[in-house]
Amino acid sequence: MPDIKFNCNECGQSLEVEASGAGSAVLCPTCNNSLIVPSVSALQKISPSSISDSDNTLEIPLNPLTLLDLTLDKKFVYIGQDRIKARVEAAIKNSNEEKHLIPHLLLTGQPGSGKTTLAFLMAGMMSKSTGRKIKAAEGRAIQKAGDLVGFLTKLEEGEILIIDNIDQLQKSIRDYLETAIVDFKLDVVLDFKTIRLNLPSFTLVATATKKDRLSSIILASFPMVEGLETLSAEGLIKIMRGFAEEFGFEVDDAAAERIRLSTNNTPKEILNRIRFVRVYAQTKTATKTITDDIALEALKMLESKDQFGDSKQGRQGISSDVRREVWRRDEGKCVICGSKENLEYDHIIPLSKGGSNTARNIELLCERHNRAKSDLIQ
């Protein structure tokens, strides 16, 4: 049988596995992302035209769905962050009425929280309102000051500029931004002389994971600095169902809750999980509904990752922030009997069954009740 050739849905790394490995879990050698090797039948369902008779491999031209792809689809609604969306809408309306430039916007949040998606959506709203074009750059891709200078000097009046991960710009490059986004001027050194260039006015929409890496001048130049809020369980499950619908699957309530609890409560992690479970379901079953049993079996295959290690490793992996949150929420006592003696952090859904090290899946139990629960599970 031909070898199975496919790409990592995270980094695009090409992988090739013997046909006998179909359905097994592998780790991408580049990004360490967990993948399930698709079966030949699954590949035929996904892309019949991708099977080549001229060689001994199955070539899959993979264009994985991303958060941005799904969100910009007119059928997909961005869930959550209503306060930020309302504020930006008000700013756009005010700018139109007052005939002035839409103010700069900085979105901050942890990796995978959806800030890049939201940045493009907000920029899209601005573009639709003003009729101006959007230009985008990735902070980590700008390696030299000349790259940024060339980018800024090509902007036209009123355009919207997106800089994703602006905090990842090198400090020497960020310095150029200070006058550019405050005064729309750019100081360039040519032949040991500093020349000040006038830039067209533009609106900057930027994202950052760590805004404390930005200078006070740059931060002050953003009239709108918004931190993304943690989504509720209901919001995350809505996002999960939206992704599942795009993939042509349904997720029952029990499976949705299990998958949610296995994540770090970000949309990106939800996407990664539902995509992984979807591939598992395609490989192992013919059903279009992800049940709790299917989700459990799929998540067990992720046990090679740190957050799905054995119990001892998992407990050591509970972050101090999560411990503090659980202690504060449970008021420093056993949630069953109220004892404040011999307390332990217990996983509601065990790590071995797909649970996570998030506060939603951890509670305080006294030693007696924790042992009693362990006996019941065993």
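Label zone of S319 (point 7 Å out along Cα→Cβ, amide N under 19 Å): in region 115-155 this covers 115-116.
In order along region 220-233, the Karplus-derived 3J(HN,Hα) couplings, from 6.51 cos²θ - 1.76 cosθ + 1.60 at θ = phi - 60°, round to 5, 7, 9, x, 10, 10, 10, x, 5, 7, 5, 6, 6, 4 Hz, and Gly and Pro are given as x.
Can you classify region 81-226 as rounded, prolate or oblate using the Cα gyration tensor, where a ≥ b ≥ c are the square roots of its eigenvalues, rounded means a/c under 1.5, and otherwise it's prolate if a/b beats b/c and oblate if not? Taking the square roots of the gyration eigenvalues as a ≥ b ≥ c, region 81-226 is oblate.
In this structure the amide hydrogen of V205, modeled in the peptide plane, comes within under 5 Å of the amide hydrogens of L105, L161, I162, I163, none closer than 5 places in sequence on its chain.
For D187, the residues whose modelled amide H falls within less than 5 Å of its own, excluding neighbours fewer than 5 places apart on the same chain, are L197. Residue exposure proxy: F120, F184, ordered by other Cβ atoms within 10 angstrom of their Cβ from fewest to most, comes out as F184, F120.
Among the listed pairs K99/K144; K210/K353; K300/K373, which have their C-alpha atoms separated by more than 24 angstrom in this model? Distance filter (> 24 Å) returns K99/K144; K210/K353. Put in order of Cβ neighbour count within 10 Å, fewest first, the listed residues H369, H100 become H100, H369. Electrostatic tally near V277: other residues with Cβ closer than 10 Å to its Cβ, Lys and Arg +1, Asp and Glu -1, net +3. Reported to the nearest whole Å, the Cα centre-to-centre distance from region 329-377 to region 191-237 is 41. Projected label points at E250 and I195, each 7 Å from Cα along the beta carbon direction, are separated by 6.6 nanometres.
We did not get these values from a lab; they are worked out from the coordinates using the rules stated. Model, not experiment: these values are computed from the prediction. A quick note on method: Cβ atoms are made from the backbone with ideal geometry, for glycine too, and the neighbour counts reach across all protein chains shown.
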